[in-house]
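A short reminder: the numbers here are calculations on the coordinates, not readings from a lab. Model, not experiment: these values are computed from the prediction. Positions of Cβ are backbone-derived with ideal geometry, glycine not excepted, and every protein chain shown enters the neighbour counts.
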Amino acid sequence: MTWDFVESVPTADESANFGAAFEWVAKVIEKQASSITTPGQTFQGDAENLPLQAASCDILFIDPPYYDAVPYSDLANFFFVWLKPIVEPLGYSLKISEAGGLSPTDQECIWHSGQLVNGHPKDRSFFETKVAKVFDKCRDLIRDDGICGVVFAHKTTEGWEALISGLITAGLVIHSSWPIATERSSRTNAQGTASLATSVHLVCRPRSDNTRIGDWGDVLHELPERVGEWMVRLECEGIRGADLVFACIGPALEIFSRYQRVETPDGREVPLADYLEKVWEVVGRAALHQVLGTAEAQARNGGAGALEEDARLTALFLWTIRATAGNGTGETVAEDDDEEEADDPDGAEESGSPKPKGFTLIYDIARRFAQPLGIHLDAWKGRIIDIDKGVVRLLPVRDRARQLFGEGGAAGLADRIERAPNAARQLELFPGAAGRSAEQPPGSRRRFVAASAQAVVTEATTLDRVHTAMLLQSSGRTNALRALLAAEQERGPDFVRLSNALSALYPQGADEKRLLDAMLLALPQ
């Protein structure tokens, strides 16, 4: 964490100052005071040992810690050493831990491998056990007709799985999940990252003690329809991308959590992780059906009529990064870079560039989508994506120019097409690719091998040809572009189908969208 600035300036006269913040709170209190008829009570305590009677709550609302995202006590200790000598002379005492004289950490419910409890690190097991105990207490406090509301906004699936596991273990049924736009896009940790735009509010009810055992086949049969209904509803309400995915988890989990447990026909209990993998697969297939058509929804490892794996991965990637406002969450390409890039249509990058350009996703989210659909991320590393430090980056089209065309760039390919129009039909890319197999004679069709995969990939997929047309558009080689587009229309509908889909997925103002739209206008009528 880098300390750079505070969001409110205490001494300023502008809107973001201490006085204005104080007034905002006062106005809320004045506005709500007339509707408050019963005094409330507040106290600080351990959520695992709340001093309330059983079945005493109509509504119990929890905003739990975010797994491994925030080291709360470490942050508290930063201020603790300054706060303690200030408040103690005024007669206040601060609760401290016996070890180290700082804020207490043993009961803190987070995953923090640097903290030890009874000699053991706070790992995933610690978090899940602690969460399960808290929700078990909640289950005891809620009336049979009451509800438990749980807020969560963690963007990795491990955090979600740990939280949901605790809920189900405690005997709570997850009925629905509602994404609420609580996060400011201008906040510091949302700038240039794939942060969620919403907090997902799970609505849970106590599960009856006499619930039956669920059948795995029945659960899987009901899942696609349930997820599909919610995806349509949430899309209509403006929820998109990763926010939509996490919002679908609640309705999907209602099917699973309503049972005491779920078993296969041979009596094996189905773990939550297996079910969540199916949830991600169903959401991924529904997304592909939405943006690419029925063939992609049915495809696994390349089915009849389906586009190639790289096209499906790109479409899923772009669909997932769409935020509530319709913009990509992780694009690092600035609008004022476009003029500089136009001078270098072949995609040469300047040395010392502070940040790689492109859209980004947390690796865990990208993997959860790709794996159940038979898409292998490592096979496309260095070709259409880059993977570094837990982040997957979709390579900008301009960055693929040398990879596709070699040193000659788009101009060299355009020259070949204009000299021999048939070259557009037999598009040969990846010149001099290092992946040419030993059995491949020098004059044969070249192939490309991804950096971390052994399988040989044919040189020109539909996505490669779309990117080629976009780069020809960027370089201004109109004749070569028209020849290529005419050849693609003769080849079949896949080129236009993918181009239109990607144009709809790229955010407004993105360089790729401008190139796609201009290229589509050049299609022969």
Based on the mean of other Cβ atoms within 10 Å per residue, sort peptides 504-512, 86-94 so the most packed one is first. 504-512, 86-94
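When the Kirkwood radius is taken over all Cα pairs of region 15-172, what Stokes-Einstein diffusion coefficient follows at 20 °C and 1.002 mPa s, in µm²/s?
Answer from the Stokes-Einstein relation: 115 µm²/s.
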Would you mind checking LYS122/LYS389; LYS84/LYS122; LYS278/LYS381; LYS31/LYS84; LYS389/LYS513 for any pair whose Cα atoms are more than 32 angstrom apart? LYS31/LYS84
Could you sort 132-144, 239-251 so that the peptide with the highest average Cβ count within 10 Å comes first and the rest follow in order? 239-251, 132-144
Ranked by how many other beta carbons lie within 10 Å on average, peptides 163-175, 70-82, 47-59 from highest: 163-175, 70-82, 47-59
Please report, in whole Å, how far the alpha carbons of region 26-72 spread along each principal axis, starting with the longest. 40, 30, 17
